[in-house]
Each structure stands twice: as C-alpha cells, then as structure tokens.
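Below: one structure, written as structure tokens.
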Amino acid sequence: MSDYTADDHRHMQHALRLAEQATRRAAPNPGVGCVLVRDGQVIGEGATLATGSDHAEIQAIKDCLARGDSPRGATAYVTLEPCSHYGRTPPCAERLIAEGVARVAAAMVDPYHEVAGRGLAMLKAAGIDASAGLLEAEARRVHRGFLSRVERGRPWVTLKAAATLDGKTALLNGASQWITGPAARSDVQRLRAASCAILTGSGTVAADDPQLTVREFDVPRQPLRVVLDGRLRTSPASRVYQGHPALLACLESEAQGLPPYLARGVEALPLPARDGHADLAALLAALAARGVNHLMVEAGAGLNGALLQADLVDEIILYLAPSLAGDAARGLFAWPALEDLADKRQVDIADARLVGRDLRLTLRPR
Ligand SMILES: [Zn+2]
C-alpha cells in the first residue's frame, strides 16, 4: 500500500524482528510482534509469550504502562491482525479499543478461521483507523510455519542435508558422520532450535544413531523427535527414543510390533500405506494437527527423495564441505533414474554463504 510512510515501514520492521524472536516459544500460536508508537516515539513493545499467556499486543501495552505512559492515541504496529475471539486469552482487539489506541497497522490478515478479518472489523467499528498490508510479504515469511499449518494443513518443511562438493553424503559402507566442519554443525543446532519437530528415517537411526536434540542453545522445550520407520526396523534402544519426547510413525499394518517402543515412553503414530510406504502427506497432516508449525528433516537419501518427489519440501538447507568423495559414494536424494534431463528437479538458490569452511545453500524447490 502506497499510503504507508517510511516511518511506518521502520516500525513494522521493528515489530517483525520481535516476532522472529518469539516464533519458537509461541508455537503452535503465531509468534507476533507489536510496537506502540506515538509522535514518532516507541512507547511500548512486546511479542507473544508461550501458549495460554499474553499475545504481543498485551505485552506491548504492559510495557507501555510499565514505562509510566499510556497507549492512548498511539499507533499499534502488529505483524498479524489482532485477535477477535476468546481463546485461552481475551481478544486483543478489545483491549486495544479499551486502551484508546488511535490506529492499528497490521502486516496481514490472520487466516485463522476464528479471526479472518474480524479483528480489524472490530477495531474499525470502534472508530480506530485499522488496516492490513504493511510489509505483508515479510510478515508471511516470518509467520510461514503458522501460516503453513493453518492454510495448508501441514508444517513448513525445511530439509537439511550435508554433502561433499560432489553431492555425496556417505561412503557406500555407510560411514557418514562429520562431513562438515564445526561452524556448519553449530548452524544445524540453530536450525533445530527454531523447529517444533525434527523428522528422520529408519536408515539414519540405524546408521548414525543420532539424538537429534538441541545442545548448544537454550530452548523453551526440545523439538519433538519424529522417526519414520514404516516397518519398525529401528532398535527400541536407539538414542533418539531416549529422554525427550519422541514420536514413532509406522505403517498401521505393523502396529502389533509397537509395544517394545511404547514401553520406553515413545508415542506411536500409525499411518496408512501409499504405494507400499507410509503416507507422507498423512504424516505431515498428523504433525500439523499436533501443532507442529516448523518441521526440520534430517534424513537420508530415501526419505529426502520421497519428500521432494511428493512436493512436500519448502526449503532445502544444503551444506557443502570442501571435499570430494568420488562416484562410488551415496547421493543426497534417491529416486528412480531419470529418462530425460528435462525431468530433473529445479530449485532456486535463495541464499549462498560460507559457514566456517563449508558452503551453505538455501534452496527453494520450484
Ligand atoms: Zn491476541
């Protein structure tokens, strides 16, 4: 929208930064940011707390009051339309009205069916200058996990892979660990910390026995570890099943083999079959239903290839180590041989940078 000023953009950018920091703790709610401004001065700011606690608007109002000021006559910059419904908390739109805010600039309408424009309508009905659309594209990126779950019924899926420069992940004997350097591994810890859940496959559990936990960063809670093991080939003693919550997805037809896993506190998710394998779309739908906004995939070529072929990958973070493994090593994505080069999978390179000695590519499947 053209009638937003440069100051409007600057304040919304501020709100978006707050939102970005709140995304993980607020999940499955959207991590929203809010900045209160009067006469060009920021008089309060806040971001959504954990589920059941304050939304961003309430935190910003409390911050403003704590500074000895009042939101009366202020503009509220919010990265998502203020809510209009009684959920676990009263509606933020009602509170903004009660505090006498003069203007609300939202980045975007909340697609959640309980809100969907009603928050803005409630504000307008109270005589407040309320609009949406300020830096909407940026807000859609910040809120991509929540939006994916609400609009598509599946999490935002980030697939992480590490390979040599010639695209190899492991030797044929299965040896695969430490392809990349410490900076890239630390970067992976950061990605895990930003995820609600981490998905891996039975082959990776058998070969590497990973824990898939966040160790380098403080997180409000560890991501849910999800193992896709259709035929229950993994050992119930695997490290991924110990300690923090773990979910084992298998074929419905294999459910009789679950007791040894259940005995270790692992939760089971039986899935219908599709072409002889567990249905991946059903897996993602089940994760969304459990409130998973951001899913990170750390798997081998089999699951990677299947997810990409099923068009269920939103982003690939590919770390390329400055080394070469040669032809007789394993690749990144397994799928049937192409008959025609025109059938190759196209991606866009959204970002490329060095992380330590490794190259990190951010790829978007077309
Ligand atoms: Zn709210």
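The values are calculated or read from the model by the stated rules, or taken from the named source; none is laboratory data. What you see is a predicted model, and the numbers here were worked out from it, not measured in a lab. Counting neighbours? That spans all protein chains shown, and the Cβs are built from the backbone with ideal geometry, glycine included. We work out accessible area using only protein heavy atoms, side chains counted, and drop any ligands, DNA or RNA first. Shrake-Rupley method; radii C 1.70, N 1.55, O 1.52, S 1.80 Å.
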- Of the listed residues (G52, G46, G40), the one being in contact with a helix residue (DSSP H, G or I) (Cβ under 6 Å, 6 or more places away or on another chain) and either in contact (Cβ under 8 Å) with a residue 24 or more places away in the chain or open to solvent by less than 10 Å² (accessible area, probe 1.4 Å) (or both) is G46
- Just a yes or no: is a residue in the stretch 6-21 surrounded by fewer than 21 Cβ atoms within 10 Å (Cβ to Cβ) and assigned to a loop (DSSP other than H, G, I, E, B)? no
- Message: Could you tell me how many of the residues in the stretch 253-272 are open to solvent by 80 Å² or more (accessible area, probe 1.4 Å) and of a type in the set (A, V, I, L, M)?
- Response: 2
- Within the stretch 57-64, is even one residue of a type in the set (D, E), open to solvent by 10 Å² or more (accessible area, probe 1.4 Å) and assigned to a strand (DSSP E or B)? no
- Message: For the condition open to solvent by 60 Å² or more (accessible area, probe 1.4 Å), over 17 Å from the mean Cα position of the chain (by Cα) and at negative phi, what is the one hit in A184, A125?
- Response: A125
- Out of (1) open to solvent by less than 60 Å² (accessible area, probe 1.4 Å); (2) more than 16 Å from the ligand (Cβ to nearest atom); (3) over 17 Å from the mean Cα position of the chain (by Cα), what's the single condition that is false for L96? (2)
- Whichever residue in the stretch 304-313 is surrounded by 19 or more Cβ atoms within 10 Å (Cβ to Cβ) and in contact with a helix residue (DSSP H, G or I) (Cβ under 7 Å, 6 or more places away or on another chain) and, among such residues, is nearest to R353 (Cα to Cα): V313
- Message: If I ask for residues that are over 15 Å from H244 (Cα atoms) and without any contact (Cβ under 8 Å) to a residue 24 or more places away in the chain, which ones from the stretch 195-227 would you list?
- Response: none
- S84 passes all but one of (1) more than 9 Å from the ligand (Cβ to nearest atom); (2) in contact (Cβ under 8 Å) with a residue 24 or more places away in the chain; (3) of a type in the set (S, T, Y); (4) open to solvent by 10 Å² or more (accessible area, probe 1.4 Å); which number fails? (1)
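If I ask for residues that are within 15 Å of the ligand (Cβ to nearest atom) and either of a type in the set (K, R) or under 16 Å from L96 (Cβ atoms) (or both), which ones from the stretch 48-70 would you list?
T48, D54, H55, A56, E57, I58, Q59, A60, I61, K62
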- Those residues of the stretch 281-300 that are surrounded by 20 or more Cβ atoms within 10 Å (Cβ to Cβ) and either free of Cβ contacts under 8 Å to residues at least 40 places away in the same chain or farther than 23 Å from A255 by Cα (or both) come to a total of 8
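Table: residues versus (1) under 26 Å from the mean Cα position of the chain (by Cα); (2) farther than 21 Å from A206 by Cβ.
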residue	(1), (2)
D275	no, yes
L295	yes, yes
L332	yes, no
L338	no, yes
G356	yes, yes
- Query: Taking the stretch 105-162 as the search range and keeping residues that are in contact with a Gly (Cβ under 8 Å, 6 or more places away or on another chain) and part of a loop (DSSP other than H, G, I, E, B), which one is modelled with the lowest pLDDT?
  - Reply: E114
- Here are some conditions: (1) in contact (Cβ under 8 Å) with a residue 60 or more places away in the chain; (2) under 17 Å from D129 (Cα atoms); (3) not in a helix (DSSP H, G or I). P28 meets all but one. Which one does it not meet? (2)
- Tell me, which residue of the stretch 71-81 that is among the small types (G, A, S) and assigned to a loop (DSSP other than H, G, I, E, B) is nearest to the ligand (Cβ to nearest atom)? A74
- Mind checking which pairs have a first residue in the stretch 107-135 that is more than 14 Å from the ligand (Cβ to nearest atom) and a second that is hydroxyl-bearing (S, T, Y), Cβ under 6 Å, 6 or more apart or different chains? A107/T79; L134/Y4
